[in-house]
There are 2 protein chains.
Amino acid sequence: MKTIAVIGAFDTKGREFSYLRDRIEEYGAHPLMIDVGVLGEPQFRPDITAVEIADLSGTGLRRLREQRNRKAANDAMIRGIKAMVEKLHREGRIQGAVSMGGGQGTHIAASAMSALPIGFPKVILSTVATVAHAQSHFEDINDTMVMNSLVDIQGLNYLLRSSIRETAAAVVGLARNAEILSLPAGAGKRIAMSMFGITTPCVSGIQEKLERNGYEALVFHTTGMGGRIMEKAIRTGLVDGVIDVTLGEITSDVFGIPGGAGGDRLCTAGKKGIPQIIVPGAVDVLNFMPPETMPPAYEGRKYLMHNTDLKVVRTNIEENKILGEDIARRLNYSTGKTVVIIPLRGVSANDCEGKEFYSPEADRELFKTMRKNLKPQIEVIELDYHINAPEFADYAARFMMEEML
Amino acid sequence: MKTIAVIGAFDTKGREFSYLRDRIEEYGAHPLMIDVGVLGEPQFRPDITAVEIADLSGTGLRRLREQRNRKAANDAMIRGIKAMVEKLHREGRIQGAVSMGGGQGTHIAASAMSALPIGFPKVILSTVATVAHAQSHFEDINDTMVMNSLVDIQGLNYLLRSSIRETAAAVVGLARNAEILSLPAGAGKRIAMSMFGITTPCVSGIQEKLERNGYEALVFHTTGMGGRIMEKAIRTGLVDGVIDVTLGEITSDVFGIPGGAGGDRLCTAGKKGIPQIIVPGAVDVLNFMPPETMPPAYEGRKYLMHNTDLKVVRTNIEENKILGEDIARRLNYSTGKTVVIIPLRGVSANDCEGKEFYSPEADRELFKTMRKNLKPQIEVIELDYHINAPEFADYAARFMMEEML
């Protein structure tokens, strides 16, 4: 029988978690009840107590209660529950995990799930599942299933019972059928790639060539979230090489625009010594999604509507200088083989001769600044092609397969 | 054997949907493959073709293709797929539904799921599951399980195969175990209530009293999303009465602040003739979540930090006049029994004698404007209590049970 870790505040939400526990049993799995409530005594006897979780955090539960600092207490319980689920998983004692909560409960739940691997069954029932400003809770949860609870997780009514039944059914179904992620025997090397609409032909071209030669291509969509997941995939050893041709998230990050993927973007493969080909693709656009997020400072600049949700402003020469420096700075962390390939005829679909964003002057500034600031160990190759030319994709794919892996 | 509707663009994502189909079979359910791709021919033979879906929309597939208008084509396919899944569900031909997609695919998937009832197994694998600006796709999906695909749904690599396996396992598990939402035999009347932190004592007090008397209380958290779900629950006949004591979403809506629940908020029960008690609770705050969303116009106003994510500004006399008019306008749609109960000593936890937001002048203006603008059929009761006083909750609960239901 599969064992499911059930994580929650059993002091304030005891009735709701009892109902979840009973459904998991009814559907044929074994619930392992873990209490993370700090306020009071659990309403039923947990298998793992809040005292044990607090101890794992390095601060005892009594001290957490005495401090009366909600944030400090939550942070401690998060440290504790992450350590606990990691241990339970490592020891093979759980085959799934489930939690439910409101704003704060979701934060703890998501933290716990983030400590569990991709492919491991994970489900959260949350009151803030579809609230835009709460999405930061879900940044790091990987492939956790998330369901909206519709009503507050407060008292058992027929709507909440329905949601809890579904939550239990999903995690039991996952535990029964899903397999932990493992590389199939005989699978080829895995290459992470970054894509956005304006670099899609390049990525598809590389992908096709890689797959025809037995490689696996993992394509990440560079929406900010995609870049973070890509860096995490690299960091956790899921890939053998990187072809990073879509760096628009760096532009967002450098100029403080929504959609950046943070300071680690473009750094992880280098720091880990994983072979990487870098192409400064899609750095020519400042993405405003939704369009209303464009600050007044960018009024009057050349722009395109990529679609109704996305307004893009062309980077200018000054911005490309700053960008070139920042890209070089990030790449200079590399300890392994890193090659930059420059598409001399343009870095994105719109930055193409005859297209609205074509600006060889701006591109030249970018390329010049990158070359000037990259450390000598990083090879720079210039190709007289546009980034989306088939020849460019062929060259990049062949270079990865023949020279780097 | 359970049948799962598998909805997708089989022209561009045929390989990925074939893999999903095979996993559903492997896990013991029957996939019913429904093509919504308009661009080209499906990569395998679907059970229900895009031609059939387009026909249901009122526009033939050939015409959609000829128009070359992406938005018009998507809108038509959405109309078609919603009609199709409603029909399949009505006829008892499906016991679950699943889809996967990127930005556009998620939009179609979410639309399809929104046509299916609460409690019906629904799963979406999406590349934009945790992207804040894409959350509007998920506004209407009710209890659909959503999972981040981590990588683009483009080509089969080991990460995507893992996500698809989980998606299949979840929907099969749901279909096997979850029951369609039904009111348990002998259950009492169901009352929808609205709650926010600053009205929690009032709601808990009412809830306790209702439940003690065999009623079911459904509590919705008024974050903007919660209010929308509450109106939908009322609209779809899920409740017998409404005690709406938390109207902060109206404040957000009227003053164009994030967190509004739209123009239908506070109107549905009245239009349907469902008995409702209305209390103008929590209207005293302009919620800025996160705090950075506060426009410069509100600088210098009295504010509180509700928590680190939420900055609240006290409404003033002028704003309360506008609010009172708007609340009355919405309530005047009522066709059934509607009673307004006014808590003369304050409308939220902070609007209480001795607390920072206490402002009898502002409240008086609100109450006065409401009374002046409400149609005569709506009874107004004034109670000399604070909204969170136990006596106020007792009165409201008793009034609902004894006078209205």
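The values are calculated or read from the model by the stated rules, or taken from the named source; none is laboratory data. Please read these numbers as outputs of a predicted model, since none were measured by experiment. Virtual Cβ from ideal backbone geometry, glycine too; neighbours counted across all protein chains shown. Surface accessibility is based on the protein's heavy atoms, side chains included, excluding ligands, DNA and RNA. Shrake-Rupley method; radii C 1.70, N 1.55, O 1.52, S 1.80 Å.
So, A:Val131, is that one modelled with pLDDT of 95 or more, crowded, with 21+ Cβ neighbours inside 10 Å and not aromatic (Phe, Trp, Tyr) or not?
Against the criterion (modelled with pLDDT of 95 or more, crowded, with 21+ Cβ neighbours inside 10 Å and not aromatic (Phe, Trp, Tyr)), A:Val131 does not qualify.
For the list (1) facing another protein chain (nearest Cβ under 7 Å); (2) in a helix (DSSP H, G or I); (3) open to solvent by less than 10 Å² (accessible area, probe 1.4 Å), I need the number of the one condition that A:Arg176 fails.
In the conditions (1) facing another protein chain (nearest Cβ under 7 Å); (2) in a helix (DSSP H, G or I); (3) open to solvent by less than 10 Å² (accessible area, probe 1.4 Å), A:Arg176 misses (3) alone.
Are any of the residues in the range B:147-163 among the aliphatic types (A, V, I, L, M), more than 7 Å from chain A (Cβ to nearest Cβ), within 25 Å of B:Arg79 (Cα to Cα) and outside any loop (DSSP other than H, G, I, E, B)?
No: zero hits.
Looking only at helices (runs of 4 or more DSSP H) that fall completely inside the range A:1-88, which ones have 2 or more residues that are open to solvent by 10 Å² or more (accessible area, probe 1.4 Å), charged (D, E, K, R) and closer than 20 Å to A:Ile164 by Cβ?
Passing ranges, in order: A:14-26.
I'd like to know if the range B:355-365 contains one or more residues that are open to solvent by 50 Å² or more (accessible area, probe 1.4 Å), closer than 25 Å to B:Asp264 by Cβ and not in a helix (DSSP H, G or I).
No, every residue in the range B:355-365 fails to be open to solvent by 50 Å² or more (accessible area, probe 1.4 Å), closer than 25 Å to B:Asp264 by Cβ and not in a helix (DSSP H, G or I).
Could you list, in sequence order, the residues of the range A:276-313 that are outside any strand (DSSP E or B), open to solvent by 20 Å² or more (accessible area, probe 1.4 Å) and either away from chain B (no Cβ under 14 Å) or charged (D, E, K, R) (or both)?
Selection gives A:Glu292, A:Ala297, A:Tyr298, A:Glu299, A:Gly300, A:Arg301, A:Lys302, A:Asp309.
Run B:Ser334 past the list (1) within 23 Å of the chain's Cα centre (by Cα); (2) of a type in the set (S, T, N, Q); (3) not in a loop (DSSP other than H, G, I, E, B) and report the number of the one that doesn't hold.
(3)
Name the single residue, out of those in the range A:107-120 being part of a loop (DSSP other than H, G, I, E, B) and more than 7 Å from chain B (Cβ to nearest Cβ), that is most open to solvent (accessible area, probe 1.4 Å).
The selected residue is A:Pro117.
Exactly one condition in (1) in a helix (DSSP H, G or I); (2) touching a residue at least 40 places away in the same chain (Cβ under 8 Å); (3) open to solvent by 10 Å² or more (accessible area, probe 1.4 Å) is not met by A:Met370; state its number.
In the conditions (1) in a helix (DSSP H, G or I); (2) touching a residue at least 40 places away in the same chain (Cβ under 8 Å); (3) open to solvent by 10 Å² or more (accessible area, probe 1.4 Å), A:Met370 misses (3) alone.
What residue, of B:Glu299, B:Glu356, B:Glu365, is in the same structural domain as B:Cys202 (by TED's automatic domain parsing) and in contact with a strand residue (DSSP E or B) (Cβ under 9 Å, 6 or more places away or on another chain)?
B:Glu356
Using the structure shown, decide if A:Ser348 is in contact with a Gly (Cβ under 9 Å, 6 or more places away or on another chain), surrounded by 13 or more Cβ atoms within 10 Å (Cβ to Cβ) and farther than 30 Å from A:Leu218 by Cβ.
no
Say whether the condition of being within 10 Å of chain B (Cβ to nearest Cβ), part of a loop (DSSP other than H, G, I, E, B) and out of contact with any Ser or Thr (no Cβ under 9 Å at 6 or more places or on another chain) is met by at least one residue in the range A:247-261.
no
Here is a check on your reading of the model: is B:Asp244 among the acidic types (Asp, Glu) and open to solvent by 10 Å² or more (accessible area, probe 1.4 Å)?
no
Here are B:Ser126, B:Ser136: which of them is surrounded by fewer than 24 Cβ atoms within 10 Å (Cβ to Cβ), more than 7 Å from chain A (Cβ to nearest Cβ) and without any contact (Cβ under 8 Å) to a residue 40 or more places away in the chain? I'd like the intermediate steps shown before the answer.
Values: B:Ser126 fails: surrounded by fewer than 24 Cβ atoms within 10 Å (Cβ to Cβ).
Step by step, each of B:Ser126, B:Ser136 is checked, and only B:Ser136 is surrounded by fewer than 24 Cβ atoms within 10 Å (Cβ to Cβ), more than 7 Å from chain A (Cβ to nearest Cβ) and without any contact (Cβ under 8 Å) to a residue 40 or more places away in the chain.
Given the conditions (1) modelled with pLDDT of 95 or more; (2) surrounded by 15 or more Cβ atoms within 10 Å (Cβ to Cβ), which single one is not true for B:Gln377?
Answer for B:Gln377: the failing condition is (2).
Please find, among B:Ile124, B:Ile108, B:Ile191, B:Ile153, the residue that is at pLDDT below 95 and of a type in the set (Val, Ile, Thr).
Exactly one residue qualifies, and that residue is B:Ile153.
Quick one: which residue in B:Ser252, B:Ser204 is over 28 Å from B:Gln135 (Cα atoms) and either open to solvent by 40 Å² or more (accessible area, probe 1.4 Å) or not charged (D, E, K, R) (or both)?
B:Ser204
Only residues that are assigned to a loop (DSSP other than H, G, I, E, B) and among the aromatic types (Phe, Trp, Tyr): list them for the range B:214-242, please. Break it down stepwise before answering.
To start, the set of residues in the range B:214-242 that are assigned to a loop (DSSP other than H, G, I, E, B) comprises B:214-215, B:222-224, B:236-240.
The one that is assigned to a loop (DSSP other than H, G, I, E, B) and among the aromatic types (Phe, Trp, Tyr): B:Tyr215.
Restricting to the range B:7-49, count the residues that are small (Gly, Ala, Ser) and free of Cβ contacts under 8 Å to residues at least 40 places away in the same chain.
Summing the residues that are small (Gly, Ala, Ser) and free of Cβ contacts under 8 Å to residues at least 40 places away in the same chain in the range B:7-49 gives 4.
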